[in-house]
Amino acid sequence: MDVDLMWWLTRSLFVGGGIAGAGLALLYTLQEKLIYVPRLPGLPNPYVYTPTRFGLQYEDVHFKAKDGTKLHGWMLYPQDWKRGAMRKRPTVLFFQENAGNMNMRLPYLRLLILSLNCSVFAPSYRGYGQSSGSPSEAGLKQDAEASLETLLQRQDVNPSKIVCLGKSLGGAVGIDLTAKHKDKFAAAVFENTFTSITDVAPKVLPFLKHLIGQGRPANWLIRNKWNSLEQIPKLQGLPLLLMSSLQDELLPPAQMQQLYKAVTASGSKDCTWVEFEDAGHMDAYEVAQQEYWPALMQFFKRHGLGQDHWDAPADDDIDDKEAYDSADESAEVIEDSQQQGNGLTHRAGAAAVQKAAQEPGSSVHVNGVSAKTS
Ligand SMILES: *[C@@H]1O[C@H](CO)[C@@H](O)[C@H](O)[C@H]1NC(C)=O
């Protein structure tokens, strides 16, 4: 990538807008580093916990994206399942949030699997967890395709009971994949995701707000668009559950509402909206557990993916089990570092860029990559 050329281009476009110009050039150069956060500061990248620690059975699945990138995923299922149980129950294809690796999703995935009595396939995007490569929009889209193909080839997965579930960045990955393969999914669930990266960028880098965002002039600089608002109307006909935390500190809940409007305007009659008054970006399943889990379970049941004898696992049921004692401790460690790490990485990246943008000629380091403003 030619930084000087970029710099010249932004300069000539925004004469006089020095700060914004420098910010734009950096945004262009460091974009992948600013957007994707496979590793949280202070936490090791290798997995510290295995799913066994969380009372789950699992299989390591190794597969490849179309461009040859080596990917890793976990096939996760309840401890007490016998062979053959898997085909009877739905399989959730889970796309994770941005910051951190799949290790950190285990506390959530444990509850998901227990509540829905389902198996979960949890692939890691390229550059995340045990997958090789480095993240980009085009790359993650390939990874999602490969994940679905891998699932469809498995004998133990019922191809008519695959549900896509994506949170935050994973929502964008899931919306894109289901829009392209609507017929291969039984349903989809998206939680606290965004309308597009162009809409998110001005929130993370406020000094760019006049240049980037809906209808703004510099959107062409964003290579990683994740244009979910454009994709979601294509999901018309697929049962959808949209879940929105009203206290989301990272992404504006208004963007979830926009997605909901776009899909209902497309004529979709099968879109369920659930909102959680007091929950933030990552914690609806804990803070609003009394609404979160029943909403998911009812949605599954309504679409023939539930089972008759079926109650929400009470918190006590889960916590009482010996196997989960150590899991609870691990979950706490993970959740704490996640809460801190999430805000930190984005804020640190944004602050570094803003500072460098104000001092032309200075350099900036984000997630291990450096760039100079001129
Ligand atoms: C979960 O599903 C399996 C497979 O259908 C079944 O054998 C098992 O009894 C179910 N477990 C619960 C707790 O409902």
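The values are calculated or read from the model by the stated rules, or taken from the named source; none is laboratory data. None of the values given here were measured: they were computed from a predicted structure. A quick note on method: Cβ atoms are made from the backbone with ideal geometry, for glycine too, and the neighbour counts reach across all protein chains shown.
Quick check on my filter: what residues within the range 38-53 are surrounded by 13 or more Cβ atoms within 10 Å (Cβ to Cβ) and modelled with pLDDT under 80?
If the condition is that a residue be surrounded by 13 or more Cβ atoms within 10 Å (Cβ to Cβ) and modelled with pLDDT under 80, then LEU40, PRO41, LEU43, ASN45 are the ones that fit.
Pick from LEU24, LEU34: which is of a type in the set (A, V, I, L, M, F, W, C), more than 20 Å from the chain's Cα centre (by Cα) and outside any loop (DSSP other than H, G, I, E, B)?
LEU24
Please specify each residue of the range 80-108 satisfying the condition of being over 21 Å from ASP176 (Cβ atoms), outside any loop (DSSP other than H, G, I, E, B) and within 16 Å of the ligand (Cβ to nearest atom).
The answer is ALA85, MET86, ARG87, LYS88.
Looking at this structure, is THR178 crowded, with 21+ Cβ neighbours inside 10 Å, under 19 Å from LYS225 (Cα atoms) and either more than 12 Å from the chain's Cα centre (by Cα) or of a type in the set (A, V, I, L, M, F, W, C) (or both)?
Taking the combined requirement at face value, the residue satisfies it.
Output the number of residues of the range 42-101 satisfying the condition of being of a type in the set (Gly, Ala, Ser) and more than 14 Å from SER147 (Cα to Cα).
6
Under 6 Å by Cβ, and 6 or more places apart or on different chains, what pairs join a residue from the range 112-132 that is among the basic types (Lys, Arg) with one that is in a loop (DSSP other than H, G, I, E, B) and away from the ligand (no atom under 16 Å from the Cβ)?
Hits for this filter: ARG126/THR69; ARG126/GLY133; ARG126/PRO135.
Would it be correct to say that GLN247 is of a type outside the set (A, V, I, L, M), farther than 30 Å from ASN158 by Cβ and either buried (at least 20 other Cβ atoms within 10 Å of the Cβ) or away from the ligand (no atom under 16 Å from the Cβ) (or both)? Walk me through it before giving the result.
Working: of a type outside the set (A, V, I, L, M): yes; farther than 30 Å from ASN158 by Cβ: yes; either buried (at least 20 other Cβ atoms within 10 Å of the Cβ) or away from the ligand (no atom under 16 Å from the Cβ) (or both): yes.
Judged against the criteria, GLN247 is a match.
So which residues in the range 144-163 are in a helix (DSSP H, G or I) and out of contact with any His (no Cβ under 7 Å at 6 or more places or on another chain), if there are any at all?
Within the range 144-163, ALA144, GLU145, ALA146, SER147, GLU149, THR150, LEU151, LEU152, GLN153 meet the criteria.
Does the range 145-167 contain any residue that is touching a Ser or Thr at 6+ places or on another chain (Cβ under 8 Å), over 25 Å from PHE300 (Cβ atoms) and not charged (D, E, K, R)?
Within the range 145-167, none of the residues are touching a Ser or Thr at 6+ places or on another chain (Cβ under 8 Å), over 25 Å from PHE300 (Cβ atoms) and not charged (D, E, K, R).
Can you tell me how many residues within the range 109-143 are of a type outside the set (D, E, K, R), closer than 14 Å to ALA172 by Cα and outside any loop (DSSP other than H, G, I, E, B)?
4
Do the conditions hold for TRP81, that is, is it crowded, with 19+ Cβ neighbours inside 10 Å and in contact (Cβ under 8 Å) with a residue 12 or more places away in the chain?
Working: crowded, with 19+ Cβ neighbours inside 10 Å: no; in contact (Cβ under 8 Å) with a residue 12 or more places away in the chain: yes.
Considered against the rule, which asks whether it is crowded, with 19+ Cβ neighbours inside 10 Å and in contact (Cβ under 8 Å) with a residue 12 or more places away in the chain, TRP81 comes out as no.
Confirm whether ALA172 is under 14 Å from the mean Cα position of the chain (by Cα) and closer than 22 Å to VAL274 by Cα.
When the stated conditions are applied, ALA172 passes them.
What about GLU59, is it at pLDDT 75 or above and in a helix (DSSP H, G or I)?
Details: at pLDDT 75 or above: yes; in a helix (DSSP H, G or I): no.
So GLU59 does not fit the description; no.
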